[in-house]
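The structure appears right after this line, and notes come after that.
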Amino acid sequence: MTPLEVHLRARRERAPLLVPYVTGGFGAGWTDVVRAAAAAGADAVEVGIPFSDPVMDGPTIQEASHRALASGATPASIVAEAARLDVDVPVVVMTYYNPVLHAGHERFAGSLADAGIAGAIVPDLPLDELDGWGEAATAAGVAPVLLAAPTTPPERLVRIGARTEGFLYAVALLGVTGERRDLAPEARGMGRRCREATDKPVLLGVGISTPEQAAEASSAADGVVVGSALVRILLEGGGPEAVGEAVAELRRALDRAGPSGSRP
Amino acid sequence: MRGEVTLGPPGPPPTGLGRFGAFGGRFVPETLVPALVELEGEFTRAWADAAFRDELAGLLGEYAGRPTPVTECHRLSERLGVRILLKREDLTHTGSHKINNVLGQALLTRRMGKAEVIAETGAGQHGVATATACALFGLGCRVFMGAVDVERQALNVFRMRLLGAEVVPVTSGSATLKDAVNEALRAWVATVGTTHYCLGSVVGPHPFPWIVRELQKVVGEEARAQCRDRLEGRDPDLVVACVGGGSNAIGTFAGFLDSPAELVGVEAAGHGLDSGRHGASVARGVPGVLHGARSLFLQDEHGQIAEAHSVSAGLDYPGVGPEHAALAASGRARYESATDREALDAFSLLSRTEGIVPALESAHALAWVAREARRSIPEGATVLVTLSGRGDKDAAQVADLLAAEREG
């Protein structure tokens, strides 16, 4: 079991897990945003490594990624800055496959491990294409985190649950990242299906924006990932403090909701 | 007319998970995997189903106007010193080879019980073809098109809307074909249960490069038989086609893979291969993954995809289909390029010598032949060039460019 999974398993006993997302390299103070999110009660932080063609991301994260790249951020510069974060919760990166392939599987996995990064989400690398990267990541001690989607058939969901490390990223709706007015009707069913398929921590993400939505979603999963709602604060000129306050508000809502109870 | 179109037997599927040598594959968000598995199964069954093939052959004949002729270019041949034959995809309904693919995918859409189609388009030819097939079959149609291309291909935007399609301008990234594919993929992630993504080229995740090749190989099969009739049973010495994503080239090459003909794909050299502003992904790309497939892509040293450039919107793409990458690696086909300037010259040359206005995309293939005739192409050689589309859509743009040049 990876240290990431051990950490999340322990934390989920207390309250639903909260994993905020921050676009790496977006703004000179992005590492302070990560520190603020961690200090405000995150159980882990997801750091985006921007890619020029992010097909799983909606307009908010596209814009932050575009600005980060335009300001000269590179995968290597972001990983180097992440190495100096010194936060007391695990950091997981999210990127796309081309930068990983371009750097080389072993070299990229090694650079993440050296930076103390606990896991990596690569949304355009599904189970069937995972092999080279998955083996390199596992060997380096970086958890390859897989996604499950509402369209994933039950038998495949079991295989994804068996292969993912750290946690299972359960996509809460049919669509790409971005804020939604309401929690998607399929979100809780998705969380339940995933928890039936694996006992690894299940985090619901995509379209979970508000404290109310986070609390509602957490009743059917081990926790949530919140991205676009926080990145929007940064796009609108907010800084670490504003993001920290938003994370603290999410934290309070999840703490009130309490642990989501016994697993099936 | 029905029955004149003969579809050759199904070609070999790619190996493994959509692999052409080291290229291809299915690198997509998990949400799309089940839909791609379904599509692969449905196409495998349909392509072996005589009723499906008959219906498609009938449509290609009665509706699209196939078979298209091969035209011998007497004046151009005399001028260049090589014998030039054109495969006339410009004469199909909607004016390019794109119709071959969309009629097949529209039949597949109906077979899968889906009511809406989404598509990307660069020059607008695939968008127009898709909108046309959707009108014919009563399917909803949404076409994603880069905002830059919406500007430079206004006529095709109007045609799509006239045909009942919704045209969605895409402003992200470079606002061209690459970004239109990104946005179509995002839209598909959100609507995959009810929507078919009618991809227009031999790019994207498995099974698209295979499906589109199978649906386009009618071009090469017809051309092979037509060349043999004309050349007393011989094949041409060279077979040349332009390559953006590469669907007209793959369709053409598929008919000649087992012939002795030399296969040449011509990419967009834009302002020149060393200018950093071109679309020559085989010449200057490196292996990578974009839009669901491992292939050759223009990218920077950090693995960020670079912006392509070409005067022709249909070649303005920073990658190439995986089967082309494999053909380049094996050496069965070679890949050359022509600049914007050379393509514009060829656009005029064919118009004046043969009375045929080529699409700017196809003009790249002609431009390479015009440059290399009597140089790397020996005098008297027979060259088949696929004229993938007609140039009406480009007339306004070329008129502006030539006027700007005159004003200097």
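A few comments on the model shown:
- Sorted largest first, the spans of the alpha carbon positions of segment A:91-188 along the three principal axes are 41, 30, 21 Å.
- About the Cα centre, charge dipole magnitude for the protein assembly as shown (Lys/Arg +1, Asp/Glu -1 at Cβ), debye: 920
- Sparse packing (at most 16 other Cβ atoms within 10 Å of the Cβ) combined with a DSSP loop state is found for the following trypsin sites (Lys or Arg not before Pro) in segment A:1-92: A:Arg14, A:Arg84.
- Principal axis dimensions, largest first and in whole angstrom, of segment A:65-137 by Cα: 32, 30, 18
- Simple rule: put +1 on each Lys or Arg Cβ and -1 on each Asp or Glu Cβ in segment B:151-246, find the dipole, and look at B:Val189, B:Pro207, B:Thr171; the Cα lying farthest toward the positive end is B:Thr171.
- Annotation: amide H of A:Ala170 within the under-5 Å range of A:Ala148, A:Leu203, A:Leu204, A:Gly205, sequence separation 5 or more or interchain, hydrogens built in the peptide plane.
- Mean Cα-pair separation over length for segment A:20-94, i.e. relative contact order, pairs under 8 Å, 6 or more apart, %: 44
- Shape category assigned to segment B:140-294 from the gyration tensor of Cα positions, a/c cut at 1.5: prolate
- Considering only B:Asn182, B:Asn248, B:Asn100, the Gaussian network model of chain B with Cα springs below 10 Å gives its largest mean-square fluctuation to B:Asn182.
- Here the translational diffusion coefficient of segment B:219-357 follows from Stokes-Einstein with Rh set to the Kirkwood radius across Cα pairs; for 20 °C and 1.002 mPa s it amounts to 136 µm²/s.
- Net lengthening on full extension, B:Arg45/B:Ala395 (0.36 nm per residue, minus Cα-Cα): 121.8 nm
- Which of A:Ala76, A:Ala120, A:Leu17, positive extreme of dipole for chain A (C-beta unit charges): A:Leu17
- Residues considered: B:Lys87, B:Lys393, B:Lys114. Largest GNM mean-square fluctuation over chain B, using C-alpha springs under 10 Å, is found at B:Lys114.
- All Cα-Cα distances of segment A:146-196, cut into 10 Å bins from zero to the largest, leave 25, 55, 18, 1 percent in each bin in turn.
- Once the mean of 1/r is taken over each pair of separate Cα atoms and inverted, segment B:206-280 shows a Kirkwood hydrodynamic radius of 13.4 Å.
- Candidates B:Cys227, B:Cys198, B:Cys242, ranked by Gaussian network fluctuation over chain B, Cα under 10 Å, top entry: B:Cys227
- Backbone HN-Hα couplings from phi across segment B:236-253 [Karplus 6.51/-1.76/1.60, Hz, Gly and Pro as x]: x, 6, 10, 10, 10, 8, 6, 10, x, x, x, 6, 6, 5, 4, x, 5, 4
- Rounded to whole Hz, the Karplus (6.51, -1.76, 1.60) HN-Hα couplings of segment B:365-370, x for glycine and proline: 5, 5, 5, 5, 4, 4
- Globularity index of segment B:14-102, i.e. its alpha-carbon radius of gyration over 2.2 N^0.38 Å: 1.58
- Note on chain B: with charges restricted to the Cβ of Lys and Arg (+1) and Asp and Glu (-1), its dipole about the Cα centre is near 440 debye.
- Separation of alpha-carbon centers, segment A:185-264 and segment A:70-114, rounded to whole Å: 24
- Summed over all non-identical Cα pairs, the Kirkwood treatment of segment B:339-408 gives a radius of 12.6 Å.
- About its Cα centre, the dipole of segment A:123-235 is roughly 260 debye, where the only charges are +1 on Lys and Arg Cβ and -1 on Asp and Glu Cβ.
- Alpha-carbon centroids, segment B:318-380 and segment A:124-165: separation in whole Å: 43
- Restricting segment A:167-206 to trypsin sites (Lys or Arg not before Pro) that sit in a DSSP loop and have at most 11 other Cβ atoms within 10 Å of their own Cβ leaves A:Arg181.
- When every Cα-Cα distance of chain B is counted in 10 angstrom steps from zero, the calculated P(r) takes the values 5, 25, 36, 26, 7, 1 percent.
- Pairwise alpha-carbon distances in segment A:1-151 exceed 28 Å for 14% of all pairs.
- Applying 1/(1 + (r/R0)^6) with r as the Cβ-Cβ distance of A:Glu186 and A:Arg159 and R0 = 22 angstrom yields a FRET efficiency of 0.60.
- Exposed loop sites here mean GluC sites (Glu not before Pro) with a DSSP loop assignment and at most 11 other beta-carbon atoms within 10 Å; chain B contains its longest site-free run at B:1-231.
- Net +/- balance of residues flanking B:Phe208 in space, Cβ distance below 10 Å, scoring K and R +1, D and E -1: +1
- Close amide-amide hydrogen proximity is noted between B:Gln299 and B:Val286, B:Ala306, each under 5 Å apart and 5 or more residues distant or on a separate chain (H modeled in the peptide plane; Pro and chain starts excluded).
- Close amide H partners of B:Val117, meaning residues 5 or more places away or on another chain with modelled amide H under 5 Å apart, are B:Gly140, B:Cys141, B:Arg142, B:His196.
- Over the protein assembly as shown, volume per residue of the alpha carbon convex hull, in Å³: 145
- Dipole-positive endmost among A:Gly110, B:Asn156, B:Ser281 within the protein assembly as shown (Cβ charges, Cα centre): B:Asn156
- A convex hull fitted to the Cα coordinates of segment A:16-257 yields 105 cubic angstrom per residue.
- Per DSSP, loop trypsin sites (Lys or Arg not before Pro) in segment B:141-246 with at most 14 further Cβ within 10 Å: B:Arg234
- Computed from phi, the 3J(HN,Hα) profile of segment B:184-196 under the Karplus parametrisation 6.51, -1.76, 1.60 (θ = phi - 60°) reads 5, 5, 5, 5, 5, 4, 7, 9, 4, x, 10, 10, 9 Hz, with x in place of Gly and Pro.
- One quarter of the convex hull surface built on the alpha carbon atoms of segment A:162-264 amounts to 6.7 nm², the projected area averaged over directions.
FYI, it's all coordinate maths here, none of it is from the lab. On a predicted model such as this, the values are computed, not experimentally measured, just so you know. Neighbour counts are summed over all protein chains in view; Cβ atoms, including those assigned to glycine, are modelled from backbone coordinates with ideal geometry.
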